[in-house]
Amino acid sequence: MLAFSIIAFMSLSQDIKYKAMGLGFDLAGVTDASPVNARQTEIFAQWLKSGFAGQMAYMHRNIRKRLDPAMLLENAQSVIVVGLNYTLPGHEPKPADTAAATGRIAGYAQYEDYHSFIKEQLYKLLDFIKSLAGPGVKSKICVDSAPLAERAMAVRAGLGFVGKNHILINPELGCRIFLGEIVTDLKLPPDKPIAGDCAGCRKCLDACPTGALRPDGQFDAGRCINYLTIEYKGKIPPGQAGKIGDRLFGCETCLDVCPYQQKAPACKNKQFKFYHNRARIDLQEILDLDAEAFEAKFAESPIKRLGLEGLKRNARICLANITCSA
Ligand code: B12
């Protein structure tokens, strides 16, 4: 009887991971719902204390929840972590065909908004889990916005390791991996972390345009171009605006230069919508948009969250930078 239960427990976990792959995820693993370890708690506390969260006040809230999944869901036992590879289909951002000044769009924003896409797939995975384990299974789905240390969970569940660029890297799939989780009261056998590291490589530190990747290993989000162009509210200080160059929305330099990314396969999920003409956008076109046209153009895109005024602010900075460097 005991042997049977162990086999059922192992096979449920295998079935869940197999189903996750069938739903179009590239990685799936399980960790227990224990808190993050002391070293990671310390990294997080130090990060907040140093002011590296910038204006992201939400990072100061729900700290205990963020570091302990059991506080997100009563009687939580396991965290199922999935990864979606978003390496761009094999093409380089095309230089503009016209003389128009264009701004660069980070790879992730050339796809539809991953939050809604991944959540939808995780709800399907949850339906599948309930069909096997019973409708009473309690769960919480998390994709980015929930207070959960997603990278720490993904490391424990064996999806990859955290690199010097602070990104969870999978040795086969590279850096462009979105994460999503189901925190559940179902007890599942945990997977083991996988081996991997950056060894002596420091390409990301050298390439970061703003020094957000600090030599001491900390990450100063306040300097990161993702933060400045997407999260930061108000006028970007001139010293920092100058370093943004022609990046209209986001930055992935620390991912692009990573040796693991050079051999990464392209995203194979055909349901995850990719906009082939979005690597660069005409800056004047952005400045001419009204609210209705903005809504229509970016309805399903992560760019929508920034809002029209934020995007226009970035477009003006890019234009000024392009003019200065011409
Ligand atoms: C706030 C935030 C940001 C901020 C701050 C980024 C940062 N590095 O902290 C800004 C706006 C700048 C940002 C940018 C980006 N983000 Co972001 N972001 C988050 C968010 C909401 C919280 C991250 C956080 O807790 N930061 C605080 C620091 C201290 O935590 P941390 O770096 O994750 O470190 C933890 C562990 O990794 C571990 N740890 C830290 N360092 C080390 C080192 C070693 C050696 C080890 C073993 C462990 C370890 O301990 C820490 C405490 O648990 C998460 C979603 C979530 N809920 O987790 C997404 C998330 C981290 N972001 C993500 C992405 C994709 C990006 C961008 C690539 C955006 C883009 N252009 O595509 C950039 C990458 C910038 C970068 N190099 O990190 C993904 C990362 C996926 C991945 N493969 O790692 C996440 C997980 C969202 C998701 N669901 O997919 N982001």
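Structural remarks
- The mean of 1/r over all distinct Cα pairs in the range 33-124, once inverted, gives the Kirkwood hydrodynamic radius of 17.4 Å.
- Net charge contributed by nearby residues that have their C-beta within less than 15 Å of Cys208 (K/R +1, D/E -1): +2
- Charge context of Ala146, other residues only, Cβ under 11 angstrom, K/R +1, D/E -1: +1
- Most to least accessible of Asp256, Asp113 (protein chains only, probe 1.4 Å): Asp256, Asp113
- Once the gyration tensor of the Cα atoms in the range 143-233 is diagonalised, the equivalent ellipsoid follows with semi-axes of 26, 18, 10 Å, ordered largest first.
- The equivalent ellipsoid of the chain has semi-axes of 36, 22, 19 Å, largest first, where each one is the square root of 5 times an eigenvalue of the Cα gyration tensor.
- Once you reduce the range 196-220 and the range 127-190 to the center of their Cα atoms, the two points are 25 Å from each other.
- With the gyration tensor restricted to C-alpha atoms of the range 267-326, the semi-axes of the equivalent ellipsoid amount to 24, 16, 9 Å, longest first.
- Net length gained if the chain between Arg202 and Lys119 were fully extended (0.36 nm per residue, minus Cα distance): 26.5 nm
- In nm, spacing of pseudo-spin labels at Ser11 and Asn62 (7 Å Cα→C-beta vector): 3.7
- The H on the amide N of Ala266, modeled in the peptide plane, is under 5 Å from the matching H of no residue at least 5 residues off or on a different chain.
- MRE, 222 nm, helices only [DSSP H, n ≥ 4, -39500 (n - 2.57), over the chain, to nearest 500]: -10000 deg cm²/dmol
- Take Arg280: with every protein chain present and a 1.4 Å probe, its accessible area is about 70 Å².
- Each Cα pair under 8 Å and six or more residues apart adds its sequence gap; the mean of these over the residue count of the chain is a relative contact order of 25 percent.
- Rg/Rh (Cα only; Kirkwood hydrodynamic radius) as it applies to the range 203-325: 0.98
- Remark: for residue pairs Lys19/Lys273; Lys119/Lys304; Lys243/Lys297; Lys49/Lys304; Lys130/Lys268; Lys119/Lys263, the C-alpha separation exceeds 24 Å in Lys243/Lys297; Lys49/Lys304; Lys130/Lys268; Lys119/Lys263.
- Annotation: peptides 32-41, 220-229, ranked by per-residue average of other Cβ atoms within 10 Å with the highest first, follow the order 220-229, 32-41.
The values are calculated or read from the model by the stated rules, or taken from the named source; none is laboratory data. Please read all numbers here as calculations on a predicted model, not as lab measurements. No Cβ is skipped: glycine too gets one built from the backbone with ideal geometry, and neighbour counts run over all protein chains shown. Keep in mind that these areas ignore ligands, DNA and RNA; they rest on the heavy atoms of the full protein, side chains included. Shrake-Rupley method; radii C 1.70, N 1.55, O 1.52, S 1.80 Å.
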